[in-house]
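Notes follow once the structure below has been shown.
The values are calculated or read from the model by the stated rules, or taken from the named source; none is laboratory data. Here the structure is a predicted model, which is why all the values come from computation and not from measurement. Virtual Cβ from ideal backbone geometry, glycine too; neighbours counted across all protein chains shown. Ligands, DNA and RNA are excluded from the accessible area calculation, which covers all protein heavy atoms including side chains. Shrake-Rupley method; radii C 1.70, N 1.55, O 1.52, S 1.80 Å.
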Amino acid sequence: METLTIIFIGGGLLLGVIVGFLMANSKLNSGAKNEKENLIKEAEVKAEATKQEKILQAKEKFLQLKSEHDKSVQERTNQLNVAENRAKQKENDLVKKLEDANRKDKELENAKLQLANQIDVYKSKLEEVEKGHRKQVEMLEKVSGLRADEAKLQLVESIKAEAKTQAMSFIKDTMDEAKINANKEAKKIIIQTIQRVATETAIENSISVFHIEGDETKGRIIGREGRNIRALEAATGVEIIVDDTPDAITLSCFDSIRREICRLALHQLVSDGRIHPARIEEVVEKTRKMLEEEIIETGKRTCIDLGIHGLHPELIRMVGRMKYRSSYGQNLLQHSREVANLCGIMASEMGLNPKVAKRAGLLHDIGKVPDTDPELPHALLGMKLAEQYKEKPEVCNAIGAHHDEIEMNTLYAPIIQVCDAISGARPGARREVAEQYIKRLKDLEATALGYEGVDKTYAIQAGRELRVIVSSEKVTDARAEQLAFEISQKIQTEMTYPGQVKVTVIRETRATSYAK
């Protein structure tokens with residue numbers, strides 16, 4: 001009984017739970033359905049709002065594009081109007097130019113007619129002149145018994161024969177004189193050149209003059225019993241000549257660096273006032289170190305100025321030593337810089353590397369400034385030094401071959417040789433003092449001024465060309481050619497000059513009139 005009661009109760013509870021679950025489930029389904037319908041309605045409302053918003057945006061975009069299109073159409077219309085106005089203006093200008101051209105054509109036709117009439121008048125006058133000339137020729141032919149062309153031929157032939165005779169005689173005399181005097185004149189020129197060059201070179205390359213103030217300073221430099229001057233000579237290796245020359249002491253030494261050390265040391269000793277053997281040795285040593293630093297700095301500055309990089313320090317020092325060395329009276333550093341610049345220009349014109357050419361040009365005379373004096377020619381010694389300090393083969397070959405001591409293997413070698421000759425041969429570079437150079441140019445101009453009909457003379461291109469301006473009224477074209485020959489012969493026989501001198505005679509005719 002109790003068991004049945006429990007079963008009934010359990011079944012009732014189970015049934016109640018099931019009924020409750022079903023009722024709750026039905027309520028949840030109805031709530032979800034309502035929520036779904038609400039979401040759909042909200043989505044439809046939002047979609048409608050979005051649609052309206054997009055429609056408004058599209059309308060605004062359309063209106064904006066339309067206004068832009070109308071604006072661009074208006075601008076194009078304005079441009080077309082401007083172009084049309086320009087075209088009309090050009091058309092009007094062309095019409096005016098056409099009218100002017102037609103008017104000028106008419107004026108030209110009238111001028112042609114007038115010119116034709118004048119030509120007819122001139123022709124008639126010319127015919128009259130020719131008739132008169134023919135009559136005169138006929139009269140002369142009757143008198144002389146010769147025709148005009150025959151007389152011309154005879155005159156020309158006689159002048160040619162006379163000119164040939166004079167020219168051959170002049171040439172023969174000149175050649176005979178040259179053969180007789182050539183050997184004698186050559187020896188004379190060589191002896192005079194040796195005497196002049198030897199004196200100037202010895203003075204310039206071995207002597208320096210140190211200026212002092214008064215004989216008191218000179219006595220202090222000499223010292224008691226000459227001890228100061230002996231100490232200075234022993235420390236520097238320079239001969240110090242103290243004579244009666246006022247306010248000057250002469251320093252004599254063929255080594256320009258030692259001479260410069262002595263000069264600088266003397267300057268410092270005189271400025272300081274303390275002159276005794278110990279002080280002299282100290283100052284000389286300091287001066288030697290200072291000059292060595294200055295030599296290195298000079299070499300570096302030279303390389304920087306020429307754009308040369310990567311040079312060995314010892315080669316840089318040798319470049320600086322060139323400042324105190326001369327070659328035939330020409331400063332070696334200045335000569336080497338000049339050769340380097342010339343080589344760079346020439347190499348650029350030939351399509352070669354200008355830096356390599358400049359490097360070889362700067363180092364081409366490096367064999368003249370070694371620390372020792374070997375018995376090799378300076379070109380070969382310079383080549384060995386360049387090889388020792390790892391220079392390029394083309395640079396070494398150019399250095400060694402610039403005096404034809406070895407074979408030239410590259411195009412840089414003849415460039416160095418030519419530029420070396422140019423630097424040494426230019427006027428004023430070697431053994432030609434400025435005053436002598438100017439005097440030679442003046443003498444060259446004065447040589448041509450002595451001829452009749454010569455108005456002006458100009459010596460140009462460092463005396464290698466003489467331009468002679470003659471009067472057209474006094475000198476004919478034929479005489480101008482003869483004058484050029486005579487002046488060149490006179491220069492050749494009476495003057496001494498390097499190379500050759502080009503004589504140009506200029507004759508011009510000028511017609512001048514004044515409008516008042």
Work out how much length residue 500 to residue 465 would gain on full extension: take 0.36 nm times their residue separation and subtract the Cα-Cα distance, in nm to one decimal. 11.8 nm
What order, most packed first, do the peptides 66-76, 395-405 have when packing is the mean number of other Cβ atoms within 10 Å of each residue? 395-405, 66-76
So what does the Cα-only Debye profile of the stretch 210-254 read at q = 0.18, 0.21 Å⁻¹, as log10 I(q)/I(0), no solvent term? -0.49, -0.67
Give the cross-link partners of residue 152 among the lysines, using a straight C-alpha distance below 29 Å as the criterion and excluding same-chain residues fewer than 8 apart. 123, 125, 131, 135, 142, 160, 164, 474
Cβ-derived FRET efficiency at R0 41 Å, residue 70 paired with residue 92, nearest 0.05: 0.80
Residue-span extension gain [residue 267 to residue 122] - 0.36 nm each, minus C-alpha spacing: 43.1 nm
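Taking R0 as 60 Å, what FRET efficiency do you get between residue 285 and residue 452 from their Cβ-Cβ distance, rounded to the nearest 0.05?
After rounding to 0.05, the efficiency reads 0.25.
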Solvent-accessible area per residue for the stretch 462-511 at a 1.4 Å probe radius, Å²? 66
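For an R0 of 56 angstrom, estimate the FRET efficiency from the Cβ-Cβ distance between residue 173 and residue 422 and round to the nearest 0.05. Could you put the intermediate results ahead of the total?
Numbers: r = 37 Å, r/R0 = 0.66.
After rounding, the FRET efficiency stands at 0.90.
Å³ per residue of the Cα convex hull, for the stretch 217-347?
On the way: hull volume 16.4 nm³, N = 131.
Convex hull of Cα atoms, per residue: 126 Å³.
Looking at the stretch 36-155, what % of the alpha carbon pairs are farther apart than 20 Å? Write down the numbers at each step before the final one.
Numbers: 5612 of 7140 pairs.
For the stretch 36-155, the share of Cα pairs beyond 20 Å comes to 79 percent.
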Per residue, how large is the accessible surface of the stretch 223-288? Use a 1.4 angstrom probe and give square angstrom. 53
Along the Cα-to-Cβ line of residue 159, 7 Å from the Cα, sits a label point; which residues in the stretch 476-506 have backbone N less than 16 Å from it? 476-483
Between residue 297 and residue 107, what is 0.36 nm times their sequence separation minus the Cα-Cα distance? Round to one decimal in nm. 60.4 nm
Provide Rg and Dmax in Å for the stretch 250-294, with only Cα atoms included in the calculation. 10.3, 28
